[in-house]
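Engineer: Below you'll find the structure I mean.
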There are 2 protein chains.
Amino acid sequence: MKSTKQSAVTAQDVADLAGVSRAAVSRTFTKNGSVSTETREKVEKAAAQLGYQINFLAQGLNRKRSMLIGVVVARLSDPFRSQLLEGLLNEIQARGYQALVTEVGNAEELEATIRRFTQFRVSGVIVTSGQPPIDLIKECIHFNIPVVGINRYAAIPNVDFVCSDNVTGAQLAAQQLIKSGCKSIGWLNYQYSTWGGITRGEAFSQVLQATEPWCYQQLVTICAQEDGYEGGRKAAHEMHKNGLKVDGIYCANALLACGFLDGMREHGMDAPNDFHIIGFDDTPQTAQYSYRLSTIRQDVIETAKRALWCLESRAQDASLLQRLEVVPVSLVLRNTSPESSYSVTQLKDK
Amino acid sequence: MKSTKQSAVTAQDVADLAGVSRAAVSRTFTKNGSVSTETREKVEKAAAQLGYQINFLAQGLNRKRSMLIGVVVARLSDPFRSQLLEGLLNEIQARGYQALVTEVGNAEELEATIRRFTQFRVSGVIVTSGQPPIDLIKECIHFNIPVVGINRYAAIPNVDFVCSDNVTGAQLAAQQLIKSGCKSIGWLNYQYSTWGGITRGEAFSQVLQATEPWCYQQLVTICAQEDGYEGGRKAAHEMHKNGLKVDGIYCANALLACGFLDGMREHGMDAPNDFHIIGFDDTPQTAQYSYRLSTIRQDVIETAKRALWCLESRAQDASLLQRLEVVPVSLVLRNTSPESSYSVTQLKDK
DNA sequence: TTGAAAGCGATACCAA
DNA sequence: TTGGTATCGCTTTCAA
């Protein structure tokens, strides 16, 4: 099957073999190519025989747009982030694109990254980490490249965002804790949290204020000095050292929650007996026997779908107004804050 | 700074502004371009003024090679895999490449994936999942694209592999269990394990045979019907149901180990009191308070470095003989198989 | 529907 | 060291 030529099979080779022009070959492999059935068949036969494959570099150069989508990620060691990436990869591939993935540490890196994305004439950019700098966005707009941010928000015209429904999440968590009889409620977040974490905290606070003014007044905000599991764990130690007590706690993400739970265990306290705890993210780890953490579940698949929808629709009409897609979340009840019939006060009385 | 032109700034624009030829611009941005300091300065000034950026698509088309490296991944939900991807991304970016990441489920997908990689004229392919099909490799060789596999092996000429040192890992684990006084030793793996898992098991078995014939004869091989955490957990249940007992167990990966440990806990048994357990991978989770699992640590950073080294060296000389890079591993002692002075028999006697 | 031809934007060879 | 030019492989008018 392989030609004796040194280099790759080109459209011209196929055209020669099929006895048609190279333009006909191109049309055969294009969506709206006007080709007669007869020509198409000849071309497809020849292409198969030669093992022809479109050169995406040449195609992209000509169309000023490649079948590439740039994805900005960070801290893949957080299971939720890798889960999200997995969802995005699936959706990107399902739609025939390829993912250009970059891990980014700081703002400057983000800038360099997006710049390289434009150099590849990507069909879209998905930012899951960092705030897209306004200048770069302008550059993308100049190249007519759609940009979408996930679990973050900024009032940038022409840039869409898709975020989990942090307000509903807060409501579900608050209701659940209240229903379970929690009296002194806490909120745990990392001091330099992401937009998502901050928003979740604000929503939680507002929900309490609106529905349980008394609890709201007592709301304890715990600020972890460190991010991730260790941050949560140390926050628990700190809280214990200060003699602070809460009987219900809501956490900005899964790692903080697992860490906090373990930190409390180190002091001999455990959920659901001594307190209830609800996390955010529903990563696989939260379901494991050693944690069985109740959490607010984010729907990564739906998130990925909507992100790609934003990209594709904006590619067709760049003048669209900014959109904010809110993805539904759900409460997954597990051991650390079980069914409401099983309240925290009953347990304490035992 | 931005030109009034609708489209992007090209080398010709820079050349015009700098008063030189477009070839001079190209040379200025190329490694071994012979340009006078004077010309270079003029060009750089003009380029900065216009905000010129090389079009990678055009560059790649001409050079028959893009600054892209294809990475094949799978099951990013396994923390070790996302850790490895993170390491690869860092190394790829550090060397000025961009990562084209594809998640792949089965063999056909792998084929389609690698095919698309060649269509982008990638500078190299890294396979972290699945066995690179021989035909595809041929195709890569035809395009002169280097291929490297991670934590897998096959006797394919011209394809390099970099693997963790599974033999040393087995030795470290075996020594540690023996030193701790374990008498009936077990090996846990998934029934359709990867090459890495299988190799670890074989090495473990051989080490025992060579150094502790008596233990080798008693070696219990536990075969999980399912992969990951749940596989390990169910294997523990199964073992308990069958009345099987082991006092030291070595596991093919971190998830299996965590699952097995939790499964045993559900039956009221825990490490290190009732048995010792050593995992593989040293993912962040294994360090957490609820597990504190002793494990064999894989060095993802070194693995990534060597993978890129293989790619780059083979890009220079495609005729190199196949290389197998063995990356050192280390034993991380934690709670589930603590310092040897603290043996399993002593504990049982307490 | 078809083919001829003009790009897309950069590189590299060759002569000066 | 320079600039002119052919080339990389495909897409897309424009006539026919």
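The values are calculated or read from the model by the stated rules, or taken from the named source; none is laboratory data. Here the structure is a predicted model, which means the values were calculated and not measured. As a convention, Cβ positions derive from the backbone with ideal geometry for all residues, glycine included, and neighbour counts pool all protein chains shown.
Engineer: Report the residue count in region B:92-110 for those that are farther than 16 Å from B:P132 by Cα and of a type in the set (S, T, N, Q). If you could, list the steps in order and put the result at the bottom.
Structural biologist: Going residue by residue through region B:92-110, those that are farther than 16 Å from B:P132 by Cα are B:92-100.
Okay, now just the ones that are also of a type in the set (S, T, N, Q), so B:93, B:98.
Of the residues in region B:92-110, 2 are farther than 16 Å from B:P132 by Cα and of a type in the set (S, T, N, Q).
Engineer: Take B:S82 and tell me if it is buried (at least 21 other Cβ atoms within 10 Å of the Cβ) and assigned by TED's automatic domain parsing to the domain that holds B:C310.
Structural biologist: Numbers: buried (at least 21 other Cβ atoms within 10 Å of the Cβ): yes; assigned by TED's automatic domain parsing to the domain that holds B:C310: yes.
Yes: the conditions hold for B:S82.
Engineer: Across region B:262-280, what is the total count of residues that are at pLDDT 95 or above and in contact with a strand residue (DSSP E or B) (Cβ under 6 Å, 6 or more places away or on another chain)?
Structural biologist: Summing the residues that are at pLDDT 95 or above and in contact with a strand residue (DSSP E or B) (Cβ under 6 Å, 6 or more places away or on another chain) in region B:262-280 gives 5.
Engineer: I would also like to ask the following. Just for region B:196-211: of the residues that are surrounded by fewer than 19 Cβ atoms within 10 Å (Cβ to Cβ) and out of contact with any Phe, Trp or Tyr (no Cβ under 6 Å at 6 or more places or on another chain), which one is farthest from the other protein chains (Cβ to nearest Cβ)?
Structural biologist: B:A210
Engineer: Then there's this: I need a count of the residues in region A:226-238 that are more than 24 Å from the chain's Cα centre (by Cα) and either over 10 Å from A:G263 (Cα atoms) or of a type in the set (D, E) (or both). Show your work before the answer.
Structural biologist: Quick first cut of region A:226-238, residues more than 24 Å from the chain's Cα centre (by Cα) only: A:233-238.
Now drop any that are not either over 10 Å from A:G263 (Cα atoms) or of a type in the set (D, E) (or both), which leaves A:238.
Selection size over region A:226-238: 1.
Engineer: Also, I was wondering about something else. Given the residues A:I92, A:I54, which is the only one that is under 19 Å from B:A99 (Cβ atoms) and either facing another protein chain (nearest Cβ under 8 Å) or buried (at least 22 other Cβ atoms within 10 Å of the Cβ) (or both)?
Structural biologist: Working: A:I54 fails: under 19 Å from B:A99 (Cβ atoms).
Selected residue: A:I92, the only one of A:I92, A:I54 that is under 19 Å from B:A99 (Cβ atoms) and either facing another protein chain (nearest Cβ under 8 Å) or buried (at least 22 other Cβ atoms within 10 Å of the Cβ) (or both).
Engineer: Answer yes or no: is there a residue in region A:44-51 that is away from chain B (no Cβ under 14 Å) and free of Cβ contacts under 8 Å to residues at least 24 places away in the same chain.
Structural biologist: yes
Engineer: State all residues of region A:276-291 that are more than 10 Å from chain B (Cβ to nearest Cβ) and farther than 18 Å from A:V326 by Cα; if no residue qualifies, say none.
Structural biologist: Listed by number, the residues that qualify are A:H276, A:I277, A:I278, A:G279, A:T286.
Engineer: Also, I was wondering about something else. Tell me which residues, restricted to region B:168-199, are under 30 Å from B:I141 (Cβ atoms) and assigned to a helix (DSSP H, G or I).
Structural biologist: Selection gives B:W195, B:G196, B:G197, B:I198, B:T199.
Engineer: Right, something else. How many of the residues in region A:212-239 are within 14 Å of another protein chain (Cβ to nearest Cβ) and not hydrophobic (A, V, I, L, M, F, W, C)?
Structural biologist: Within region A:212-239, residues that are within 14 Å of another protein chain (Cβ to nearest Cβ) and not hydrophobic (A, V, I, L, M, F, W, C) number 10.
Engineer: Take the conditions within 16 Å of DNA strand D (Cβ to nearest atom) and touching a residue at least 60 places away in the same chain (Cβ under 8 Å) and apply them to A:G60. Does it pass? Write out each step before concluding.
Structural biologist: Values: within 16 Å of DNA strand D (Cβ to nearest atom): yes; touching a residue at least 60 places away in the same chain (Cβ under 8 Å): yes.
So A:G60 passes the test.
Engineer: Regarding region B:135-149, can at least one residue be identified that is assigned to a helix (DSSP H, G or I), touching a residue at least 40 places away in the same chain (Cβ under 8 Å) and over 20 Å from B:I278 (Cβ atoms)?
Structural biologist: yes
Engineer: So, of the residues in region A:21-33 that are under 40 Å from the mean Cα position of the chain (by Cα) and more than 14 Å from chain B (Cβ to nearest Cβ), which turns out to be nearest to DNA strand D (Cβ to nearest atom)?
Structural biologist: First, the residues of region A:21-33 that are under 40 Å from the mean Cα position of the chain (by Cα): A:25-33.
If we keep only those that are more than 14 Å from chain B (Cβ to nearest Cβ) too, we end up with A:25-28, A:30-33.
Values: A:V25: 7, A:S26: 3, A:R27: 6, A:T28: 9, A:T30: 5, A:K31: 9, A:N32: 8, A:G33: 7 Å.
For region A:21-33, the residue satisfying everything is A:S26.
Engineer: Related question: Do we have B:Q217 as assigned to a helix (DSSP H, G or I) and modelled with pLDDT under 95 here?
Structural biologist: Yes; evaluated as a whole, the condition is true for this residue.
Engineer: Something else: What number of residues within region A:24-51 satisfy the criterion of being near DNA strand C (Cβ under 9 Å from one of its atoms), surrounded by fewer than 14 Cβ atoms within 10 Å (Cβ to Cβ) and polar (S, T, N, Q)?
Structural biologist: Result for region A:24-51: 3.
Engineer: What's the number of the only condition in (1) facing chain A (nearest Cβ under 9 Å); (2) surrounded by fewer than 21 Cβ atoms within 10 Å (Cβ to Cβ) that B:L76 fails to meet?
Structural biologist: Checking B:L76 against (1) facing chain A (nearest Cβ under 9 Å); (2) surrounded by fewer than 21 Cβ atoms within 10 Å (Cβ to Cβ), the one that fails is (2).
Engineer: Does region A:7-21 hold any residues that are near DNA strand C (Cβ under 9 Å from one of its atoms) and either modelled with pLDDT under 95 or small (G, A, S) (or both), and which are they? Talk me through it step by step, then tell me what you get.
Structural biologist: Step one: of region A:7-21, the residues near DNA strand C (Cβ under 9 Å from one of its atoms) are A:15, A:18-21.
Passing the criteria: A:A15, A:A18, A:G19, A:S21.
Engineer: Report whether or not B:S82 is free of Cβ contacts under 8 Å to residues at least 40 places away in the same chain, away from chain A (no Cβ under 11 Å) and of a type outside the set (D, E).
Structural biologist: For B:S82, the condition - free of Cβ contacts under 8 Å to residues at least 40 places away in the same chain, away from chain A (no Cβ under 11 Å) and of a type outside the set (D, E) - is not met.
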